[in-house]
Amino acid sequence: MEKARKLADILERVRSGEDPTKIRQEARQLLSTLRLSDISRAHKYLVGSGVSFDQLRTLVYAFASILGDQFALLRANLSPDHPVRKVLAEHEMFECFLADLEEVNLMIQEATGLTELSSEYRRLEHITGHLQAIDIHNQREDDLIFPVLANYPCKSICTVLEKAHWRIKNMVGNLTMAVNNFKNFEPVQFKIQINAITAAIVPIMREHIFQEDNILYPVALDVLKDERVWWRIKQLGEEMGYCGFDPQPCQ
Ligand SMILES: [Fe+2]
Ligand SMILES: [Fe+2]
């Protein structure tokens, strides 16, 4: 049986609840001979077998859980000026903003006499501003990177991630709306709203970044060897600068 097909079978087992660490031990020989492009082929088989998008999302996680830390390998092998390095740097910034959001949410929950002038509210407003930049980051992936990758064997992974961009856009939109409409909420309602949005947004964005760092970009660099293509992406991306980076210090 072809390696990618065997991997697809393994992933089905992870999906049906078997422990990935046990499977990893059992399939050590297969995994040691895998190329990252086998992952995208396995992904394609599963798409063909009628797996839903939600199930695929879980599977992308399963890929990472059996293959180990692809992110460390990816970073170690990227040149300092590679366009993917910029994407990874932005991911790291968004990880920081997510941690900040979790922290400020706790402060908001404990605050008494919350007003628009409270330091907790102003910090939340500031972090929300940073998180809005995820839209530009995702747009760049949708417009510049994913269409190029669609010509290589990672199209089905891009399709799953592109769908997640919509969910993230909606969630950040909800957060922005709640923050901008502070005056229209009773403080208790505002706290409930921010707590619910934070609980939804943080795991979804972390998972998304994890999938791109550990699956999409390692696979993309494995299958797309033509440096000219990456440099074209770099040139187009350079016009947009860095997303989420605000030269104004937090007040
Ligand atoms: Fe990304
Ligand atoms: Fe993304």
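Table for the structure above
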{"quantity": "Residue within the stretch 204-226 that is free of Cβ contacts under 8 Å to residues at least 40 places away in the same chain, in the same structural domain as Thr128 (by TED's automatic domain parsing), more than 12 Å from ligand 1 (Cβ to nearest atom) and assigned to a helix (DSSP H, G or I) present", "calculated": "no"}
{"quantity": "Meets criteria (touching a helix residue (DSSP H, G or I) at 6+ places or on another chain (Cβ under 6 Å), part of a helix (DSSP H, G or I) and over 20 Å from Asn151 (Cα atoms)) for Ile194", "calculated": "yes"}
{"quantity": "Any hit, the stretch 17-24, residues being modelled with pLDDT under 75, in contact with a Leu (Cβ under 8 Å, 6 or more places away or on another chain), outside the structural domain of Leu224 (by TED's automatic domain parsing) and closer than 20 Å to Tyr152 by Cβ", "calculated": "no"}
{"quantity": "One residue from Ala178, Ala199, Ala220 being over 18 Å from the mean Cα position of the chain (by Cα) and either of a type outside the set (Asp, Glu) or at positive phi (or both)", "calculated": "Ala178"}
{"quantity": "Residue in the stretch 149-159 that is under 30 Å from Thr112 (Cβ atoms) and within 16 Å of ligand 2 (Cβ to nearest atom) present", "calculated": "no"}
{"quantity": "Residue match in the stretch 185-198 (condition: within 13 Å of ligand 1 (Cβ to nearest atom) and surrounded by 15 or more Cβ atoms within 10 Å (Cβ to Cβ))", "calculated": "no"}
{"quantity": "Top-ranked residue in the stretch 62-81 [being more than 16 Å from ligand 1 (Cβ to nearest atom) and at pLDDT below 70; ranked as farthest from Arg15 (Cα to Cα)]", "calculated": "Asp69"}
{"quantity": "Hits in the stretch 210-235 - residues which are out of contact with any helix residue (DSSP H, G or I) (no Cβ under 9 Å at 6 or more places or on another chain) and either within 16 Å of ligand 2 (Cβ to nearest atom) or closer than 23 Å to Lys44 by Cβ (or both)", "calculated": "Lys225, Asp226"}
{"quantity": "Test result for Ser119, assigned by TED's automatic domain parsing to the domain that holds Ile233, more than 11 Å from ligand 2 (Cβ to nearest atom), of a type in the set (S, T, N, Q) and closer than 30 Å to Trp231 by Cβ", "calculated": "no"}
{"quantity": "Ile168 vs. criteria more than 15 Å from ligand 1 (Cβ to nearest atom) and either modelled with pLDDT of 95 or more or not assigned by TED's automatic domain parsing to the domain that holds Val84 (or both)", "calculated": "no"}
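Conditions (1) more than 18 Å from the chain's Cα centre (by Cα); (2) at pLDDT 85 or above, marked per residue:
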position: Pro83; (1), (2): no, yes
position: Glu90; (1), (2): no, yes
position: Glu95; (1), (2): no, yes
position: Gln109; (1), (2): yes, yes
position: Asn138; (1), (2): no, yes
position: Asp142; (1), (2): no, yes
position: Lys155; (1), (2): no, no
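The values are calculated or read from the model by the stated rules, or taken from the named source; none is laboratory data. Note that the structure is predicted; figures quoted are calculated from it, not measured. Ideal geometry is used to build each Cβ from the backbone, glycine not excepted, and the neighbour counts take in all protein chains shown.
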